[in-house]
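Just so it is clear, none of the values below were taken in a lab; they were calculated from the coordinates. Bear in mind the structure is a predicted one, so any value in this text is a computation, not a measurement. Every residue, glycine as well, gets a Cβ built from its backbone with ideal geometry; the counts of neighbours run over all protein chains shown.
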């Protein structure tokens, strides 16, 4: 099983990866190459770069996204990986002398075409990718089963999101378990709303229990309400009188409004209001699920 995991990581590392606009801009601006010379950069210049330059340059390409991490959720249900295991995986992959297969999409008039480059996979890129998969931070077996029951076909993605040391904190995992019990009983599990809940928790890393988060959520709602009202009225917030005057000299604020942004904020506001009610219900009626949180609350008092 461990070998299968390593093979899966190798397949991901060596699959074709598009050189993003950000990476391309850095190549052209920092290393004084033109688009016509991009082949020369990969053939000659890249071999002269220091490891830290390689890391900075290609970090956007070799930073796994949630969808990338989700591919490993199922196999991680079957095996355990600790920090030493991650180091062993890195060493095994380094021995394989892997190639990074990159491509860039260019335009010539109305025609688009690709240029492809196969270069030795630098150790710093390999280490970045493997370590950021967070293979050693998977949810506990009990928590994992609850995620599967609640989110079903989205469970691999949720497990990937929660594969982080931040969520191993006892009070956070305890509350999230209680929340999944509540949501499952309601028969309505919204991944979008769950991600906003995680965003609130992430945004308050010094909180020591869900009780503190509950106290803060009203501020989140108030801020979101202001954002919604601003987008609805078209009157933007200004934080400097002179700037506001310059924008309103002609009697109108001409900065662009976004209907899409308004819809997004309205949806978030609705979810935040629901989350406040849900957290309040859990705190009031599901205390048996919050022993660690309750203890922390009284310790703080």
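Looking at the chain only, what percent of DSSP beta bridges run antiparallel? Nearest 5 please.
Beta bridges within the chain, antiparallel portion: roughly 85 percent.
Among 195, 260, 170, which comes first, second and so on when ranked by fewest other beta-carbon atoms within 10 Å? List each step's numbers first, then the result.
Details: 195 15, 260 7, 170 11.
Placing the least packed residue first, the sequence is 260, 170, 195.
What are the principal axis extents of the Cα atoms in the chain, in Å, biggest first?
66, 64, 35
Which order, highest average first, do 9-16, 186-193 follow once you tally other Cβ atoms within 10 Å for each residue and take the mean per peptide?
9-16, 186-193
Rounded to the nearest 5, what % of DSSP beta bridges with both residues in segment 2-132 are antiparallel? Walk me through the numbers on the way to the answer.
Details: 10 of 12 bridges.
DSSP beta bridges in segment 2-132 are roughly 85 percent antiparallel.
Using only the Cα atoms of segment 2-132, what do you get for the radius of gyration and for Dmax, in Å?
Spelled out, the Cα radius of gyration and Dmax of segment 2-132 are 16.2, 52 Å.
Quickly work out the residue 71-to-residue 114 label distance, labels modelled 7 Å from Cα along the C-beta direction, and quote it in nm with one decimal.
Simple spin-label model gives 1.5 nm for this pair.
Label residue 106 and residue 258 with points 7 Å out from Cα along Cα→Cβ: what is the distance between them in nm?
3.2 nm
When 225, 21 are ordered from fewest to most other Cβ atoms inside 10 Å of their Cβ, what list results?
Ascending Cβ contact count within 10 Å gives the list 21, 225.
If you build the Cα gyration tensor of segment 141-300 and take the root of 5 times each eigenvalue, what three semi-axes come out, in whole angstrom, biggest first? Mind showing how you got there, number by number?
On the way: eigenvalues 265, 68, 37 Å².
Semi-axes from the Cα gyration tensor: 36, 18, 14 Å.
Please tell me the relative contact order of the chain in percent, rounded to the nearest whole number, where contacts are Cα pairs under 8 Å and at least six residues apart. The partial results should precede the final answer.
Working: 268 pairs, mean separation 52.9, N = 301.
Computed over the chain, the figure is 18 percent.
Would segment 71-156 count as rounded, prolate or oblate if I go by the C-alpha gyration tensor, calling it rounded below 1.5 in a/c and otherwise prolate when a/b exceeds b/c, oblate otherwise?
Oblate is the answer for segment 71-156, as a/c is 1.5 or above yet b/c matches or exceeds a/b.
What Rg and what Dmax come out for segment 4-65 when only alpha-carbon atoms are used, in angstroms?
Every Cα atom of segment 4-65 included, Rg and Dmax give 13.2, 42 Å.
State the Cα centre-to-centre distance between segment 75-102 and segment 167-185 in whole Å.
That distance is 30 Å.
Ignoring everything except DSSP H segments at least 4 long, calculate the 222 nm mean residue ellipticity for the chain; use -39,500 (n - 2.57) per segment, divide by total residues, nearest 500.
Result for the chain, helices only: -19000 deg cm²/dmol.
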